[in-house]
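Beneath this line is the structure, given in structure tokens, with notes to follow.
Since every read-out is calculated from the coordinates, none of them should be taken as a lab result. This one's a predicted model, so the numbers in the text were calculated from it and none came from an experiment. Positions of Cβ are generated from backbone atoms using ideal geometry, with glycine treated the same way; all protein chains shown enter the neighbour counts.
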Amino acid sequence: MTQPIWGPVQQEMSDLLRRHPDDVPGVVEQLAGLQDVLCRVPPLLHGNPLADFNKLYLTITENVLERLYAGRFKDPAFLSRLDVEFAARYFDALRYWTEASPSCPGVWAGLFCRVPGPDQRPLPSAVAGVNAHINFDLPFALVTTFDHLGTDPIDGSDQHEDYLQVNDIFAEEIPGLRRGYLDRWQLLIDTMNGDLDDWWQGEMVEYTRNVAWRNAQKIWSIRHDQLALDKQRRRLDSTATGLGKLLLSPFADFLQ
Amino acid sequence: MASQGDEGPLVGRTGTLADIQSYLRNVGPGGTAAVFVTGESGVGKSRLLRETADALRGTDFAVLSGTCLDIGDASPLHPVLQALRRHDGGHTDNSGPADAGALLDRVSHALRTIAGNRQLLLVLDDLQWADRSTRQLLLYLLAGLGDVRVSVLAAIRAEALHGTHPLRRVLAELRRLRSVRVVDLAPLTQDQTRDLVTGIVGGTVAVEDADRVFKRSGGNPFVVEELARDLRDGRVELSDTLREIFLSRVDELPPNAHQVVHAMAAGVEPVEHAVLARVVPLGEDQLIEAIRAAVAHRFVASDSDGYRLRHRLVAEVLEQEVLPAQSAALHRRFAESLEAVEGDPDHARLAFHWQRAGVPERALPAVLAAARAAERLYGFAEAHRYWTIALQLTGDDCEDRADVLGNAAESAHQCGEHLLALSRVEELAARTDGPGRSDVHLRRARYLAAAGRTATAETEYLRALDAPDCTPRQRASAAAYLAELLVHLGRYAEAHQHARDAMELAAINGSTPDLVRASAALGFSAVFREDPAAGLSVVRQAVEIAERSGHPDDLGVAYMHLAELLTGPLNSIEEGVLVARRGADRPVGRHYRTRLLAIAAKGLFRVGQWAEASAVLDTAMSYRPSGADAVELLLSRCQLWVGFGEVDNARRDLDAVATLLAGGGARHVLPMLTLRAGLAMWQGEHAEARAAVQRGLTETRSDDLVLIGVLTWHGLRAEAEAHVAGARVDPGALRRLKTATERLVTAMGEAGPAVQAAVTGYVDLCTAEISRIEDRHDPDPWARAATVWDRRQQPYPAAYSRLRQAEASLHRKVRRAAAVTGLRQAYATATAMGARPFASEIRGVAQRFRVALADDEPTVPMAAPALVTDELAVLTVREREVLAAVAEGLTNREIGEKLFISERTVGVHLGHIFDKLQVRTRVQASRVYLTAA
């Protein structure tokens, strides 16, 4: 028989993924559970590149949940559904990978296959995860959410404003992540010109999140056309996979 | 002919098969169950469906099977209507049901007839291709609305669930229900593959051979079977991909069979023999021989409906092999054959083939016919798709273009595709042969308003009014719509002005709907501008106008506005209930009838006439509502069940609501979560109650003040209950609930008086619950809440506040006499309403503080029976009869019928009774009567 993909925590992983959280507190709980399990995947344990992405994602989702409770979004029903729908795609990808199913999107597979090592470069990995999640999953999650709520993706709508607010959360959290890992590099950058990489990181997420919104609008218009939809899906997967490869390649060493 | 007879053995699915059967038999209290099988193509979903159907057929199940089509534009309800046709061979009557609900009802009736007293098993393959109507029907049936005891077994391709497929959300919502299972079918393991290979080859198989099959097939049973056959037949396969495996098979076919298989790949299954005979240019004998060969080579399967390819994977491989010109020719022959075959053509299939034949001018009539046919079946989503195709088929210079655009815009609007509707209007506006400017502005405004872009919508209405070609009729319509919009925006002064204009215009030139719309806007704006008398009289007048027109929609809308005005901002609930029930008796159509009854039931619930509310809901449900109407009614009924303490019924209705909401409907989520929390609270399931409320807090919009009020109160009450029961109070949850309460107070300060009046009672309850959690035992906040709810004439929250007030007083040992009276009052209210869990909660408090409730101990005589009898003694014999009937929960009309007096006279008697007993509501009167009786 072939090796279980997650080694000794395979069973825990598939038990955890059997859950399908349907609200934001549930998503936070699931991500926290994953964090615990991912940090026990040998041989890298805490240095596991996926654990870094998951950590970032958990922090961001906790932040979103706090803002939801604090009533800081205009259309919380929209944002909650989006958050759940968005996370479901990450959980799905993990589930497919766990089952060794060919259905796992390429962009995620590119990151997951690095879990056993030996490569260990946390920041590019976390960024690669963000890339997969935002460039590939987000547009579809947006469309599904709008479809379910019976509203349109309109620029300047309440939903759009809420969506943009999540950019702020990313901007808040990503420098923190970087500081956690990149003291050495940061020192270099800081002596040069201060916040260059903050800018780079923040811009990238904001930029891609806007692309995701545009892509969602594009998909929205063709969502009843299964063929066109599949084509678009493949296109997004291959674009994002390409970008992910680049991020995980030696090219992205400059990040480290 | 051989069809599925020569399948390989079923390997590795025994456990799954048994599980599925047991799930399907294990129906919930609503009498429904569902199993959704997902998995990749070729993993054996259809096989599992067939095996299950065969096993259950002949037991106590009636089995119906249908398959969804992948032509993207199937006609509404295709798989279910197909299943019905297969069953009785006859034609289901599709001609013009009165509304979408009537269609669902008709289909349910057909299913009920087939099922008889058995459970119905509805097997649906390829559900990923199901049209929107089919999905809605499925949810309708699973929610138990069709009154069919149905178990659904459906297969869904896992590949389709990626991306944005609507079934994703449906499954995500459904999988939480106890009666629904999602079975993910995995590929075979290495050992299972070995078993399957051995089973097909027979005898012994070298382990290396079997493992090679596993490696090449990835455990996909369909591919495993094919490879194992090659192994058995000694064929050496060098190819690894599915495509190559099948192409080499195709090459082995005799030429005629080759032709048949290629034709099949272009067809829409099942392909009838008569059609195939026209598509494939062969003599009858040759054709049959060719088909036999195709069947023998395991490409084609045959059953009573016609032929189909053995697996869609084969069709997908073949489609890529056919040259475009060849494919176009095949589709043309299919289209011509379908037209030549006797009977009413299937427009959807015809449109499909003509489009792919590359003959748009032949496709267009079929597409238009299909669009109109779908509209007749209320398949608006399908109609929308056809209008979209029709747009693609008509060029800019086509004479039908403007007409098609207009229809396409309207159908997009009907499906909630507001952006698309708007872009189509833009194109329409740019055309010289389009409608006039005023018409364009009016359309644009309606679509914008529906999309929630109120500011631009307002501008467009104003432009429509200013347009030089605006007819008086259009002007009336635009002003009425604008006034309605302004009421929603809370700009009552302007709404008032436009509504006035609209009224004047509509009175001379307008249509009744415009007149009714304008009256409602005028009435509501007057009431909100604190001129209730004027507002009420305008809306009453609208009812008279509608009565004169007699059109069901006008009547329904007018009665609804009046009932909403009375039960809402005016808080004259009893009268509002009366109006709603009277409206429901008028010929208003199913939709408005159920909505009116829903208003009546809600009102009755609030004034504490729960038995009566329950009867009204039963009547409303007997009209078989669907969609949002059904959700409203189920939520109201569930609220009653929770109040009555009927847990199973409450759970059933909550599950039904969740099932329907899986198809969409965000605004009902909050009430559902509130009820879930309430039910869990009574069951002592603190964690569950908390989870429901916390989820609700993350999904509230700041403008649903009343809903937030109810939810927050439920949350705090549940935390207080947990605290009292000695369970842990979640500090985070409590903090968030307090924040929600504070936000409510702030928002209330900014809202209008009507909203304030409705919300303030909940804020009082929240504040009081917080004092309970903090162990303050303070009767004062509860006393305040009781006063507010008395003023709102809502006995349940008033009695609840009184209970807590008494409890706190008794705990502090202050004003015991007043506390005992309060407790008894609360108890009388609770018992009169039939609120059993609440009554027993009161009994618990009474026992704890050794207070004798009125009928707690039946052997002990009432405290002052003589006095109470005296109270009733002031009534005449007739008035007592009326009062007795009121206490039974009868309506005025029912009382009238029972006592052979007019409804009006009953009203007069009631007035006297209220005066003499010095009460203001039926509940208070009933309470006096029941305490005396």
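Other residues lying with their Cβ under 12 Å from the Cβ of A:Glu99 contribute a combined charge of -1, Lys and Arg counting +1, Asp and Glu -1.
Look at the alpha carbon pairs under 8 Å that are at least 6 residues apart: their mean separation over the length of chain B gives a relative contact order of 7 percent.
Net length available on complete extension from B:Thr459 to B:Ala55 is 139.1 nm, with 0.36 nm assigned per residue and the Cα-Cα distance removed.
Here the range B:901-933 and the range A:121-172 have alpha carbon centers that stand 60 Å from each other. Straight-line reach from B:Lys45: taking Cα to Cα under 26 Å and skipping same-chain neighbours fewer than 8 places apart, the lysines in range are A:Lys231, B:Lys215. In the range B:365-430, Cα pairs under 8 Å separated by at least six residues give a relative contact order of 26 percent.
Dipole size of the range B:192-354 about its Cα centre, with +1 on Lys/Arg Cβ and -1 on Asp/Glu Cβ: approximately 320 debye, rounded to the nearest 20.
Of the residues B:Asn892, A:Asn135, B:Leu282, the one whose Cα sits farthest toward the positive end of the charge dipole of the protein assembly as shown, with +1 on the Cβ of Lys and Arg and -1 on the Cβ of Asp and Glu, is B:Asn892. In this entry, the range B:865-932 is assigned a mean projected area of 3.9 nm², taken as a quarter of its C-alpha convex hull surface. In straight-distance terms, cross-link reach from B:Lys916 covers every one of the aspartates and glutamates whose alpha-carbon lies under 14 Å from its own, apart from those fewer than eight places away in the same chain; here that gives B:Asp870, B:Glu871, B:Glu879. Spatially, the range B:139-171 and the range B:268-299 are offset by 34 Å when compared through their Cα centroids.
What you get for the range B:865-932, charging only the Cβ of Lys and Arg (+1) and of Asp and Glu (-1), is a dipole of about 140 debye around the Cα centre. Derived scalar couplings between HN and Hα for the range B:212-222 equal 5, 4, 4, 5, 6, 8, x, x, 6, x, 4 Hz in order, rounded to whole Hz, by the Karplus curve 6.51 cos²θ - 1.76 cosθ + 1.60 (θ = phi - 60°), x for Gly and Pro. For chain B, a crude dipole built from +1 on the beta carbon of Lys and Arg and -1 on the beta carbon of Asp and Glu, taken about the Cα centre, is about 3320 debye to the nearest 20. With viscosity set to 1.306 mPa s and temperature to 10 °C, compute the Stokes-Einstein D of the range B:14-186, Rh being the Kirkwood radius across alpha carbon pairs; µm²/s, no decimals. The Stokes-Einstein estimate is 99 µm²/s. If a/c stays under 1.5 just call it rounded; otherwise compare a/b with b/c (prolate if a/b is bigger, oblate if not). Do that for the protein assembly as shown, with a ≥ b ≥ c from the square roots of the Cα gyration tensor eigenvalues. Prolate. In units of the rule-of-thumb radius 2.2 N^0.38 Å, the range B:318-367 shows an alpha carbon radius of gyration of 1.12. Taking the centroid of alpha carbons for each part, the range B:444-466 and the range B:704-741 are 41 Å apart.
Legend: P(r) of the range A:38-156 from all alpha carbon pair distances, 5 Å bins from 0, whole percents, reading 2, 11, 18, 21, 19, 12, 9, 5, 2, 0. Here the alpha carbons of the range B:192-354 define both size measures, Rg and Dmax, at 17.9, 57 Å.
Semi-axis lengths, largest first, of the ellipsoid equivalent to chain B are 59, 37, 24 Å, with √(5λ) applied to each eigenvalue of the Cα gyration tensor. Report, in deg cm²/dmol and to the nearest 500, the calculated mean residue ellipticity at 222 nm for the protein assembly as shown, where each DSSP H run with n ≥ 4 adds -39500 (n - 2.57) and the sum is divided by the residue count. That calculation yields -22500 deg cm²/dmol at 222 nm. Loop sites by DSSP among the trypsin sites (Lys or Arg not before Pro) of chain B, restricted to those with at most 10 other Cβ atoms within 10 angstrom, leave B:1-727 as the longest stretch without any of them. Once backbone amide H atoms are built at 1.01 Å from N, B:Ser65 has B:Val123 as its partners under 5 Å, excluding neighbours fewer than 5 places away on the same chain.
Between B:Ala296 and B:Glu530, the contour length at 0.36 nm per residue exceeds the Cα-Cα span by 76.0 nm. Considering all C-alpha pairs of the range B:361-421, those separated by over 14 Å amount to 49%.
Pairs spanning more than 28 Å between alpha-carbon atoms, out of B:Lys602/B:Lys898; A:Lys74/B:Lys738; A:Lys55/A:Lys218; A:Lys55/B:Lys738: A:Lys55/A:Lys218; A:Lys55/B:Lys738.
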